[in-house]
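Step one of this worksheet: look at the structure below.
Each value in this text was obtained by applying a stated rule to the coordinates, not by laboratory testing. Bear in mind that the values here come from a model prediction, so they are computed numbers and not experimental data. Neighbour counts are summed over all protein chains in view; Cβ atoms, including those assigned to glycine, are modelled from backbone coordinates with ideal geometry.
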Amino acid sequence: MFIEERHQEILKIISENGRISIGEIQEKFGVSVDSARRDLRILEEKSLLKRTHGGAIPIMQVGLHYPKTWNAAQMETIDANLDAIAKRAVEFIKPNDAVYLTSARVGYLMIKYLPTNIEYTIVTNSIDNASILRSYNNVQVYVVGGKMRSNGRIVDSFAQEFVRNMRFDISFLTGAGFSASFGVSNGTAETSAFQRTVAENSRKNIALFPNQKIGHNSFLKDADAAKFDVLITDWDAVEDELSKIEDLGVEVIIVDKR
């Protein structure tokens, strides 16, 4: 089989299955691990796929929008990598910290791991987060005000003004993509403006991104990669993009597969 034919087959498998592993390429085409990695690198350079540590996944569209609604009760079944990121993130919270907690799914997952033996403050723009946090006796909770979206999140101009008048010891932020060249990015202007305001008003910014979002650029930029002190990602993130991010002075933490 010619290399071009192999590449077409690789792209077909990714299209049908949503991903392909290095091991699958080796087994199906009888090539070495180096050849398999080279195939994926060539296809990524042509913007035909996105590499991960163990293989490749389809490229996400720049204008991709995530569902406007999601069921918080279903978060227990989320991918293990996102849950592992959430568990690692809460270790940064210290006594008396003022914390901004993202309204994204990873923020919801963080709640079950929050420390209960110290006192601190949490600011959140998620109605779902706030409804659970009210039972935490050791946490002071501030809910960002403004127009609520159908997914229970608040990011409008009122919300931006709310957090503009606050300062945070630590902020946990995420988005649609994180790359060394474009930083953190999102799909809507309101979300980007809100997150930019939070990041500007925080002493320590921590980015929480699963592997499929590393190296991806979404429609609108929130903040430069260098604005973040720490990136927490998972074991399947591609190493060369993480190296570029580290070169910008960002501490990269890779959670272990459980």
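So here's what we get for this one:
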quantity: Amide H contacts under 5 Å for Ala176, placed H, 5+ residues apart; calculated: Ser185, Asn186, Gly187
quantity: The chain: angle of helix 3-17 to the longest principal axis, Cα-based, in degrees nearest 10; calculated: 40 degrees
quantity: Per-residue HN-Hα couplings for segment 36-44 [Karplus 6.51, -1.76, 1.60; θ = phi - 60°; Hz; x = Gly/Pro]; calculated: 4, 5, 5, 4, 5, 5, 4, 5, 5
quantity: Charge dipole of segment 116-164 about the Cα centre (unit charges at C-beta), most positive-ward option of Asn117, Asn151, Ser131; calculated: Asn151
quantity: Relative exposure of Ser218, Ser131, Ser179, Ser35, judged by other C-beta atoms within 10 Å (fewest first); calculated: Ser131, Ser35, Ser179, Ser218
quantity: Unit charges on C-beta of K, R, D, E only; dipole of segment 72-255, Debye; calculated: 660 debye
quantity: Residues with amide H under 5 Å from that of Val252, placed H, sequence gap 5 or more; calculated: Leu231
quantity: Phi to ³J(HN,Hα) by Karplus 6.51 cos²θ - 1.76 cosθ + 1.60 over segment 99-104, Hz, x for Gly, Pro; calculated: 10, 9, 10, 4, 7, 6
quantity: By average C-beta atoms within 10 angstrom, highest first, the peptides 143-154, 190-201; calculated: 190-201, 143-154
quantity: Karplus (6.51, -1.76, 1.60) ³J(HN,Hα), θ = phi - 60°, over segment 124-136, in Hz, Gly and Pro reported as x; calculated: 9, 10, 10, 5, 4, 4, 4, 5, 7, 5, 5, 8, 8
